[in-house]
1. Can you tell me how much longer the chain between Phe153 and Ser80 gets when fully stretched, taken as 0.36 nm per residue apart minus their C-alpha distance, in nm with one decimal?
2. If I histogram all Cα-Cα distances within the chain using bins 5 Å wide from 0, what percent of pairs lands in each bin?
3. Take every Cα pair under 8 Å in the chain that's 6+ residues apart, average their separations, divide by the length, and report that relative contact order as a whole percent.
4. Got a number for the accessible area of Arg168? Probe 1.4 Å, square angstrom, nearest 10.
5. Which of the peptides 18-31, 143-156 is most tightly packed, and how do the rest follow, going by the mean number of other Cβ atoms within 10 Å of each residue?
6. Please report, ordered by residue number, every helix of the chain (full DSSP H runs) that is 27 Å or longer along its axis going by C-alpha atoms and whose mean Kyte-Doolittle hydropathy reaches 1.0.
7. Evaluate E = 1/(1 + (r/R0)^6) for Gln12 and Lys115, where r is the Cβ-Cβ distance and R0 equals 22 Å; express this FRET efficiency to the nearest 0.05.
8. Taking R0 as 35 Å, what FRET efficiency do you get between Lys63 and Leu132 from their Cβ-Cβ distance, rounded to the nearest 0.05?
Amino acid sequence: MPDFLCTAAARQKVQIAPSLLSADFTRLREDLERLEGEADLYHLDIMDGHFVPNISYGPGIVKQIRKLSDKPLDAHLMVSEPERWISPFLDAGADLISFHLEATPHPHRLIQQIKAVGCRAGLAINPGTSELLLEPLLEELDLVLVMSVNPGFGGQSYLPLAEKKLARLRRLASEQDLPFALEVDGGIKRTTIGAATRAGARIFVAGSAVFAADDPAAEIRELKKLALSSAAEYV
């Protein structure tokens, strides 16, 4: 198991997770090769056209991505009935599987299902969902993903309302010595990563900001530099 979440130090580390939804799938090998030295993990946006109004890709593509990279794969299931998809994405090579609180009536059971097969478990919430609903589950989680856009499409604008959620979750993690890492996804770029960092996020999903850059690897370095500078201000 990669150590990207395994230790307290890893959970505090600033990490950039390029979203492969924004990659060019006709030249995916080249895109990944350009990022291998800079990306910390890869974020996989899995959409079913039902839970969100878009369709992306499934376990077959993830299996091919796994062949192209040894980086941790962060599978974000934006799907209805996520319990049906745990085994397929685990078999495809995912190291972390996150599902949406809004997508299942039995989130605790599903967290246990993910961890029982040796995978890291994450839970995501939409902008309109209160972080308070996560509190009974936080001790069980390896990661909490706060959406800073409404999920379904890349390239959307960052919603600052995510910052209050991040700040509260960071306080809970600190006060109760909880084990989860804190990730933010949506509209992350040079002008927004500082605020998200100061609010408490440490893993940043960045799609169009990375892949639309002339030099994606350099863009990751710049994003990380800005996040590290803001993390130093965090109290």
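The values are calculated or read from the model by the stated rules, or taken from the named source; none is laboratory data. No experiment lies behind these values; they were computed from the predicted model shown. Ideal geometry is used to build each Cβ from the backbone, glycine not excepted, and the neighbour counts take in all protein chains shown. The area values use the complete protein model at the heavy-atom level, side chains included, leaving out ligands, DNA and RNA. Shrake-Rupley method; radii C 1.70, N 1.55, O 1.52, S 1.80 Å.
1. Details: separation 73, 0.36 × 73 = 26.28 nm, distance 1.65 nm.
This chain segment gains 24.6 nm when fully extended.
2. Bins of 5 Å from zero give 1, 7, 16, 20, 22, 18, 11, 4, 0, 0 percent of pairs.
3. This gives 20 percent for the chain.
4. Taking all protein chains as shown, Arg168 has close to 80 Å².
5. Order by mean packing, descending: 143-156, 18-31.
6. Helices passing the filter in the chain: none found.
7. 0.50
8. On the way: r = 37 Å, r/R0 = 1.06.
The computed FRET efficiency comes out at 0.40.
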